[in-house]
Amino acid sequence: GNSFEFRLKIEDFSGDEKKQSAVMSGFAKGDDKTLVQYEEPASMKGKRLLMADNDFYVFLPATRRPVRMTPSQRLMGQASNGDVMSVRFQTDYSASLGGEEAVKTENGETRCAVLELNAKRKGTTYSRITLRIDAESGYPVQAECFALSGKKMKTIEYSLPREFEGKRIVSKAVLVDHVNEGNYTVIEFLDMRNADIPDAYFNKEYLVRMQAREER
């Protein structure tokens, strides 16, 4: 699979007040390997998150043992681990086409194809997603995310198509919380470039050793 490195920023808001923010850098390989580390805030420096195959771990500075997590655990604000670490719609969900709709966006209305995604396995972040993609460009425009109970958890609004090394991606996602009204979280990719990444970066024993070296 392709591999790349990236930097992203997460900001969490309640109403118009920014509650917290972080900058992370990371590595991704294929569909199912991601490693991110905190650059800011200083209090989080040294904290790493690993997703390898379907396992999630957090490595905290000064602990010798990674802690297992689930993709639906919160990372910050409305952003769960799975929101940041894995956007594997094609691997995790089976899709069926549900017609076309016009969706209101910042620049008017966008004609969208509607995809109904249902989780193929346990442990995905959501059990069902209604994904609307721009009928012309194929970019995601909006995703409504539902829990197993059928309750709508959040809506993700995608924007800011940018080109990184000839690859155009939607670089910004706004996650709107439907459980606590007025709360939203913004994830934005600041940089993304193709890179040759060793498999060792996604090996938890290797990361434990790396952490030990850093703390000396």
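Using a probe radius of 1.4 Å on heavy atoms only, what accessible surface per residue do you get for the stretch 1-73? Whole Å² is fine.
Result: 51 Å² per residue.
Ignoring ligands, DNA and RNA, what percent of the accessible area of the chain is carbon or sulfur (1.4 Å)?
Working: 5470 of 11460 Å².
Carbon plus sulfur share of accessible area: 48 percent.
Can you give the FRET efficiency for L60 and N2, using 1/(1 + (r/R0)^6), R0 = 35 Å, r = Cβ-Cβ distance, to the nearest 0.05? Intermediate values should be presented prior to the final figure.
Details: r = 30 Å, r/R0 = 0.85.
For L60 and N2, the calculated efficiency is 0.75.
Please give the contour-minus-distance gain from Q73 to V208: 0.36 nm per residue of separation, less the Cα-Cα distance, rounded to one decimal in nm.
That works out to 46.4 nm of additional length.
About its Cα centre, what dipole magnitude does the stretch 1-125 give when the only charges are +1 on Lys and Arg Cβ and -1 on Asp and Glu Cβ, stated in debye to the nearest 20?
Details: 19 positive and 18 negative charges, 162 e Å.
So the dipole magnitude of the stretch 1-125 works out to roughly 780 debye.
Rg(Cα) of the stretch 120-212 divided by 2.2 N^0.38 Å?
For the stretch 120-212, the normalised Cα radius of gyration comes out at 1.40.
My understanding is that a pair violates if its Cα-Cα distance is over 22 Å; which of K172/K204; K9/K29; K9/K33 do that in this structure?
Working: K172/K204 29 Å; K9/K29 20 Å; K9/K33 20 Å.
Pairs exceeding 22 Å: K172/K204.
Classify the stretch 1-120: rounded, prolate or oblate, from the alpha-carbon gyration tensor (a ≥ b ≥ c, eigenvalue square roots; a/c under 1.5 rounded; otherwise prolate if a/b is larger than b/c)?
oblate
So how tilted is helix 204-215 from the main axis of the chain? Cα-based, degrees 0 to 90, rounded to 10.
Between helix and principal axis, roughly 60 degrees.
Find the accessible area per residue for the stretch 82-150; the probe is 1.4 Å, ligands and nucleic acids are left out, and the unit is Å².
With all protein chains present, the stretch 82-150 gives 54 Å² per residue.
Would you work out the charge dipole size for the chain about its Cα centre, treating the Cβ of every Lys and Arg as +1 and the Cβ of every Asp and Glu as -1, and quote it to the nearest 20 debye?
With only Lys, Arg, Asp and Glu charged at Cβ, the dipole is about 940 debye.
Could you tell me the center-to-center distance, by alpha carbons, between the stretch 1-56 and the stretch 93-112 in angstrom?
Between the Cα centre of the stretch 1-56 and that of the stretch 93-112, the gap is 28 Å.
Mind putting together the pair-distance distribution for the chain? All Cα pairs, 5 Å bins, whole percent per bin, short to long.
Each 5 Å bin holds this share of Cα pairs: 1, 7, 14, 18, 20, 18, 12, 6, 3, 1, 0, 0.
Solvent-accessible area per residue for the stretch 164-209 at a 1.4 Å probe radius, Å²? Show your work: numbers first, answer last.
Values: 2420 Å² over 46 residues.
Accessible area per residue, the stretch 164-209: 53 Å².
Tell me the net charge near I10. Cut-off is 12 Å between Cβ atoms, I10 excluded, with +1 for each Lys or Arg and -1 for each Asp or Glu. Each step should come with its number before you reach the end.
Details: positive: R7, K9, K18, K19, R74, K172; negative: E11, D12, E39, E40, D83, E188.
Taking every Cβ under 12 Å from that of I10, the sum is 0.
Calculate the FRET efficiency for D196 and L160 from the Cβ-Cβ distance with a Förster distance of 25 Å, rounded to the nearest 0.05. Walk me through the numbers on the way to the answer.
Details: r = 27 Å, r/R0 = 1.09.
Efficiency for this residue pair is about 0.35.
The values are calculated or read from the model by the stated rules, or taken from the named source; none is laboratory data. Since the model is a prediction, treat every value here as computed from it, not as a measurement. Here the Cβ is made from the backbone with ideal geometry for all residues, glycine too, and neighbour counts use every protein chain on show. With ligands, DNA and RNA removed, areas are computed over all heavy atoms of the protein, side chains included. Shrake-Rupley method; radii C 1.70, N 1.55, O 1.52, S 1.80 Å.
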